[in-house]
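Structure, as structure tokens:
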Protein chains: 2
Amino acid sequence: MSDGKTTRANAALGAVTMSTIGRLAGVSQVTVSRALSTPSKVSPQTLERIHEAIRQTGYVPNALAGALASRRSRLITALVPSITNIVYSSLLHGFSQILRNDGYQIMLAECGFDPEEEERLIATMLSRRPDGMLLTGIHHTPASRKMLMGADIPVVEVWDISETPIDVCVGFSHVAAGAAVGEFAGQQGHATALTITAADERAHRRRAAFAEAFARTGGQNVVRVDCAGAASLGVGRGAFAQAVADHGFTHGVVFCSSDLLAHGVLIEAQAQGMAVPGQVAVIGFGDQDYAAAVEPALTTVKVDRDELGRVAAAQMQRRILGETLETSVIDLGFSIIRRASA
Amino acid sequence: MSDGKTTRANAALGAVTMSTIGRLAGVSQVTVSRALSTPSKVSPQTLERIHEAIRQTGYVPNALAGALASRRSRLITALVPSITNIVYSSLLHGFSQILRNDGYQIMLAECGFDPEEEERLIATMLSRRPDGMLLTGIHHTPASRKMLMGADIPVVEVWDISETPIDVCVGFSHVAAGAAVGEFAGQQGHATALTITAADERAHRRRAAFAEAFARTGGQNVVRVDCAGAASLGVGRGAFAQAVADHGFTHGVVFCSSDLLAHGVLIEAQAQGMAVPGQVAVIGFGDQDYAAAVEPALTTVKVDRDELGRVAAAQMQRRILGETLETSVIDLGFSIIRRASA
DNA sequence: AACCGGAATGAATGCGCAAACATACGTCTC
DNA sequence: GAGACGTATGTTTGCGCATTCATTCCGGTT
């Protein structure tokens, strides 16, 4: 026992440390450390005594101290615009599950859609010395980029693809997705389109690509309704009602930036007695679990979020292991799921 | 400068520490520490030099080391059954916001509805030495309780109330809520009720209380459908279809354990041509934002989740400041929001 | 018998910071 | 002008652990 003084101080504070356990088991602190991280290097009898001491005291290792000493925190931070938005939280599901199995903890934070707020959060998160970081989207402030590159940890950007990723990015092209829906709508022979778009930069990129492709494929005109806040069923209803009332939208195709908005449109169209898809065709985005369950079932754009989370996790693992990745941009694509609504 | 050796080692590793900053600014490490935590104790000129050095190097403080030295991590962990379930994630919203303003970071984890999994997560979370912990629900394994009481940190349990909280609990009585809906349904003169309940222990307590109160208030019989997995719109539709097909449920009141399930019931009832609320009355739980936006608008039980998050945060703050609280159980109640569906 | 090599353990050190204590140099008071 | 006090800084120490480098003890070799 090397640290009589230390353990006395601990006792006064009531804190149980590795030294406490060691003293109870008749070994030194190092042996306890080994028993927990590399048990094969400790004899079975010693291991048993150590575990007994841990059981008796209810000892919980101090990961802060461990991380400080080893320079590995086994912590991965994730930054999403909104945890209440199922698009992002479901993506995290696959991601966390895989990394949890590797012994990593995920620390989550919500940055809204504001790059400045994101920058502040990146700074506080980096102060916890994570072993890796997951970001949503590819647009970050210059200061954020600088901090991240200086941090020298793997950074995975998801839900979009970029020519110039910070490190690795996994996602799909929002422009391609919007354009694909625009062509789909145009080919169905609609003359008029309505876009309902939430306050999300990526949604607006899809909208712009949609409008361009719709016009190119024979569409005549596009009515545009942008929503200020977060998407919700009520916002979708309201936006559609507004398009009908203010813009005289009575026939055509509606492209919503999320299934939630599209669902709101379905409800409002039904309330107004408009036939879907006969009079109004509705297309959502995201293929949420309810998209197939609504009436009529929703035509939408599917992005495999579970797969996205899994691939992001796999890339994170490989980067943590120090592998230099050949491809740093992974495009997972999307698909249009055609159901009854359009 | 006391630590020439240390700084040399740092330089080799490329790590910027307080000593690095101090050297650049011509002061000691302590002064840098003071500049960041108590700037009023440092002269303006020194402060300026320190900030300049921080800017140049892109220094980010190491919160792990700070927490280890000060024994305060400025970290609060929260454990919820599911982050994709908006009931819990919206509750966290108010909670995080308040504590973030106090300089606390929130670390989130998802435990499903499994106490064993919760126990494992509590252990890993405690290893990060949080300054406080938020738990969902009041049922935890004995080992969990022991760890938490031993950790000597504030623990706030939310979304339920208990006779024997670990520390503080903030919520409402699920039994009282279920009973209130049961009476409400009985008084409307329905003879038959259908309960659709997700796999959630609290939801089942509400269901049982509902059935008891419904019978007491004149109800004749209760059809019971329990769902295995998580609630969703599709599951609600399916459960209602099953009740109609297998149990011959054609008239009466439906009490769902969540608004999501209730929404599914609305859609299925409409698809089957059943009038709501004329033939079938539907009652949800949670008062989600879409409850008012669906057709017909959903009658439901409202729990002020924002308020709940805020109160939980306030209690956490006070306990962290060391105040011994008079009341450790706070019942926030609930209310039945009567809309068109029942 | 001298040697080797592996298994099990321990001593010493430092991760980056905050807290306690110490010092230097003023300014104000009687 | 001696003491008291305040402001700005520095020195020292240790938080609890992982890492590195010994050390001891063993059975097996030659």
* **Peptide A:187-193, shielding by other chains (average Cβ, 10 Å cutoff)** => 0
* **Value of [θ]222 nm, deg cm²/dmol, for chain A, DSSP H segments ≥ 4, -39500 (n - 2.57) each, nearest 500** => -14500 deg cm²/dmol
* Calculated FRET value between A:Ala191 and A:Ala292, using beta carbons and R₀ = 35 Å, to 0.05 -> 0.75
* Charge context of B:Phe172, other residues only, Cβ under 9 angstrom, K/R +1, D/E -1 -> -2
* Structure fact -> Copies of A:Gly26 compared via label points 7 Å along Cα→Cβ give distances in nm, shortest first, of 6.1
* Along the charge dipole of chain B, which of B:Leu47, B:Ala262, B:Leu108 sits closest to the positive end, that is, farthest toward it, with unit charges on the beta carbon of Lys, Arg, Asp and Glu (+1, +1, -1, -1)? -> B:Leu47
* Structure fact -> Inter-copy distances for A:Arg71, label 7 Å out on the Cα-Cβ vector, sorted ascending, nm, one decimal, are 3.0
* Asked: In nm, what does the list of distances from A:Gln220 to its counterparts in the other copies look like, shortest first, when each label sits 7 Å along Cα to Cβ?
  -> 5.8
* Structure fact -> With label points set 7 Å from each Cα along the Cα-to-Cβ direction at B:Ser40 and A:Ala275, the distance between them in nm comes to 7.4
* Asked: Which whole-angstrom value gives the distance between the alpha carbon centres of the stretch B:73-115 and the stretch A:157-183?
  -> 30
* Over chain B, what relative contact order in percent results from Cα pairs under 8 Å that are six or more residues apart? -> 14
* To do: Provide the packing ranking of A:237-243, B:73-79, i.e. peptides ordered by the mean count of other C-beta atoms within 10 Å per residue, highest first.
  => B:73-79, A:237-243
* **Cross-link partners of A:Lys302 among aspartates and glutamates (Cα-Cα below 15 Å; sequence separation of 8 or more within a chain)** => A:Asp160, A:Asp259, A:Asp287, A:Asp289, A:Asp331
* How do B:311-320, A:265-274, A:114-123 rank on mean C-beta neighbours within 10 Å, highest first? -> B:311-320, A:265-274, A:114-123
* Asked: Taking Cα centroids, how far is the stretch B:289-320 from the stretch B:38-63 in Å?
  -> 42
* In peptide A:55-68, how many Cβ atoms from other protein chains are near each Cβ within 10 Å, on average? -> 5
* Based on the mean of other Cβ atoms within 10 Å per residue, sort peptides A:191-203, A:51-63 so the most packed one is first. => A:191-203, A:51-63
* **Neighbouring partner chain Cβ atoms per residue of A:105-111, average, 10 Å criterion** => 6
* Provide the net charge surrounding A:Gly58, with neighbours chosen by a C-beta distance below 14 Å and charges set as Lys +1, Arg +1, Asp -1, Glu -1. => 0
* Cα centre as origin, Lys/Arg/Asp/Glu Cβ charges: the stretch B:122-279 dipole, Debye -> 140
* In degrees, nearest ten, helix A:201-216 long axis to first principal axis of chain A (Cα) -> 30
* Can you pull the percent of Cα pairs in chain B with separation above 37 Å? -> 37
* Asked: What share of Cα pairs, in percent, lie more than 42 angstrom apart in the protein assembly as shown?
  -> 35
* Tell me, what is the percent relative contact order of the stretch B:28-181, built from C-alpha pairs under 8 Å that lie six or more residues apart? -> 17
* Between A:Glu48 and A:Gln220, what FRET efficiency follows from the Cβ-Cβ distance if R0 is 60 Å, with the result rounded to 0.05? -> 0.15
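Just so you know, all these numbers are worked out from the coordinates, no wet-lab data involved. Source: prediction; values computed, not measured. So basically every Cβ, Gly included, is an ideal-geometry build from the backbone, and we count neighbours across all protein chains shown.
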